[in-house]
Every structure is written in C-alpha cells, then in structure tokens.
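For reference, the structure discussed in these notes is given below.
Every number in this text was worked out from the coordinates using simple rules, so none of it is lab data. The structure presented is a predicted model; accordingly, all values stated were derived computationally and were not measured. Glycine gets a Cβ as well: all are built from the backbone with ideal geometry, and neighbour counts include every protein chain shown.
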Amino acid sequence: MTGIEASTRAEASPNCAMSLSDCWRALSRLKLIPEAMALCNRAEQARLNRHWYLHGRPDQRPPRLARDGRAWTVWLVLGGRGAGKTRTGAEWVRGMALGHPDFSEPRAGRIALVGGLLAVFDD
C-alpha cells in the first residue's frame with residue numbers, strides 16, 4: 001500500500017471535495033507531495049510546478065482585504081535574507097498580469113514596480 005492510499009483513510013486526507021490548493025496543503029502536511037508528483041506525467045508535473053500559489057507559504061500570499069474591509073492598494077513585504085521576498089513579489093506581479101483570481105480579477109492593465117535604494121557613499 002502506498003502512502004497516498006494509506007492517507008485516504010486519514011481525516012485530513014486529500015479528496016475530490018477539496019480545492020486544488022487545499023488538497024496540495026493536505027498532501028504537504030502528510031509529506032506525500034513527492035509521491036503524488038511521481039504519479040503525474042511530465043506535463044502534469046510542469047503544470048503543477050507553474051502553479052506557485054500551491055507552493056508558496058501562507059505569509060507569501062497577498063492579503064484579501066485591508067483592516068478596514070476595503071481592497072488594499074499597497075503591500076509591504078519585510079523579511080530577512082532568504083525569506084522569499086523576491087519570489088513573492090515576482091509571483092504577485094505575474095498573478096496580477098495573468099488575472100489569477102487569487103491576485104487580481106480582471107488582469108491588471110498597468111503595473112508599476114517601485115523599490116528604494118540605499119546609497120552609501122564613502123568620502
């Protein structure tokens with residue numbers, strides 16, 4: 001019996017009623033993603049790998065609404081080295097450009113990336 005077959009008996013196991021994101025998270029909790037990916041052909045694996053929303057951590061996903069309940073307009077991502085800030089920003093922009101429902105519906109017409117630069121000059 002494979003790990004996936006055994007996991008179908010567990011309460012938090014992936015099932016047909018779950019969204020793809022929830023199913024992926026359940027497989028991740030059960031440490032079964034490599035086994036599940038092995039069951040997919042190369043095209044399916046490539047498609048799942050392009051679906052960053054499945055792989056990103058919850059803190060890398062854009063907030064749904066601002067604290068006052070309205071749509072937010074600025075998202076500041078702070079983190080240390082290797083925290084995934086660049087990937088988060090790149091995938092967010094990609095999701096907006098493609099009109100991904102978790103990022104922007106419809107597709108974003110204009111996108112501006114603005115970043116500060118700390119300039120240090122030696123005299």
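The table below gives the values:
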quantity: Distance in nm between pseudo-label sites at Ala71 and Ile111 (7 Å out along the Cβ direction from Cα); calculated: 1.6
quantity: Rg/Rg_globular for the stretch 59-123, with Rg_globular taken as 2.2 N^0.38 Å and Rg from C-alpha atoms; calculated: 1.35
quantity: Under Karplus coefficients 6.51, -1.76 and 1.60, residue-wise ³J(HN,Hα) of the stretch 74-86 in Hz, glycine/proline x; calculated: 10, 10, 9, 10, 10, x, x, 4, x, 7, x, 5, 5
quantity: Residues Val74, Val93 arranged by fewest to most Cβ contacts within 10 Å; calculated: Val74, Val93
